[in-house]
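Working notes for the structure below.
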Amino acid sequence: LRVGLLSGCVMPLMQGSTMSATVRVLTRNGCDVVVPVGQGCCGALNIHAGDLDAGRAMARRNIDIFLNANVSRIVVASAGCSAAMREYDELLENDPDYGEKAQRFKELVVDVTALLASLPVDPPRAALNRRVTYQDPCHLVHAQRISSEPRAVLAAIPGLELVEMEQSTMCCGGAGIYSLVQPELAEKILARKMGYVAATGAEQVVTANPGCMVQLEQGLRAMGDQSKVAHVVDLLDEAYRAEASTRS
């Protein structure tokens, strides 16, 4: 399966290790991964801020680049980006040159957790004996109706115990640019979320969106917890990499 990976703008800078893990995990699960040259930001933050013209320009650029890349799927490791990209058809519905292209593009876009769950995942041979809890990113569970798939990926990892938190689908307060424009309310929302996280007794919080990762890590620091928030693919990659030590 030849897939095109969105590099995007936030994740390579803030979660570069997760992007590398995504490539390794997809390759391990039979995908030929290409990162098309010329792609750019998905436009989500511009669209959130109401700058639709800039968002449309970014959408057109990505549509051209990925449709010319001869890929079967367009894989995205950021829930906020995949949500925005799956709405390019609405964004460009009145564009005579891109309306049909945007529809074709939308049908190719898939969140990395959904793609892995559909393959299905090649189970790691090493165990991660760890208790984790999963935070549903709003852009994944509400915008794309993707909830069981990330959990299916986590369930494929031997030794991993998933403890569901109360209100896992409630926003963490990140919400694109919301935490920047409404910081006080965002902090209150985050504090409530962190109460649910703490109640699980989990050693680590797992999610599938860079904005959530940053927000949740801020919440952990405020609680005096230095543990690192992980993306779903980070844990799968960790288990795959641990296989070498189990064989030696």
Can you check what the net charge comes to around Pro158, using other residues whose Cβ is under 13 Å from the Cβ of Pro158 (Lys, Arg +1; Asp, Glu -1)? -2
For segment 82-164, listing trypsin sites (Lys or Arg not before Pro) in a DSSP loop whose Cβ sees at most 14 other Cβ atoms within 10 Å gives Arg125, Arg145
The list [x] 43, 43, 34; [y] 53, 48, 27; [z] 57, 40, 39 gives values of Cα extents along the principal axes in Å, and only one came from this structure; which label was calculated from it? [y]
Under 30 Å between alpha carbons, and skipping anything fewer than 8 positions from Lys193 in its own chain: which lysines qualify? Lys228
222 nm mean residue ellipticity, helices alone, for the chain (DSSP H n ≥ 4; -39,500 (n - 2.57); rounded to 500): -15000 deg cm²/dmol
Cysteines of the chain without any disulfide-compatible partner (other Cys Cβ under 4.7 Å) are Cys31, Cys138, Cys171, Cys172, Cys212
How much accessible area does Thr27 have with a 1.4 Å probe, in Å² rounded to the nearest 10? 80 Å²
With θ set to phi - 60° and the Karplus curve 6.51 cos²θ - 1.76 cosθ + 1.60, what are the ³J(HN,Hα) couplings of segment 95-106 in order, to the nearest whole Hz, using x for Gly and Pro? 8, x, 8, 10, x, 6, 4, 5, 5, 5, 4, 4
Using unit Cβ charges (K, R positive; D, E negative) and no other charged atoms, how large, in debye to the nearest 20, is the dipole of segment 96-153 about its Cα centre? 300 debye
Looking only at segment 188-218, which residues have a backbone nitrogen under 15 Å from a spot 7 Å from the Cα of Ser227 in the C-beta direction? 194-207, 216-218
Using the Cβ atoms and a cut-off under 15 Å, what net charge is assigned to the surroundings of Ser118, where Lys and Arg are +1 and Asp and Glu are -1? -1
The chain, accessible surface, carbon-and-sulfur percent (1.4 angstrom probe): 51 percent
Using a cut-off of 16 Å between alpha-carbon atoms, which aspartates and glutamates can reach Lys106, once sequence neighbours fewer than 8 places away in the same chain are excluded? Asp64, Glu87, Asp89, Glu90, Glu93, Asp95, Asp97
Given a 1.4 Å probe and heavy atoms of the protein chains only, how would you sort Ser147, Ser168, largest accessible area at the top? Ser147, Ser168
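Per residue, how much accessible area does segment 117-248 have with a 1.4 Å probe, in Å²? Numbers along the way, then the final one.
Numbers: 6130 Å² over 132 residues.
About 46 Å² of surface per residue is accessible.
The values are calculated or read from the model by the stated rules, or taken from the named source; none is laboratory data. A quick note: this is a predicted structure, and the numbers were derived from the prediction, not measured. Neighbour counts run over all protein chains shown; Cβ positions are idealised from the backbone, glycine included. For accessibility, only protein heavy atoms count, side chains too; no ligands or nucleic acids. Shrake-Rupley method; radii C 1.70, N 1.55, O 1.52, S 1.80 Å.
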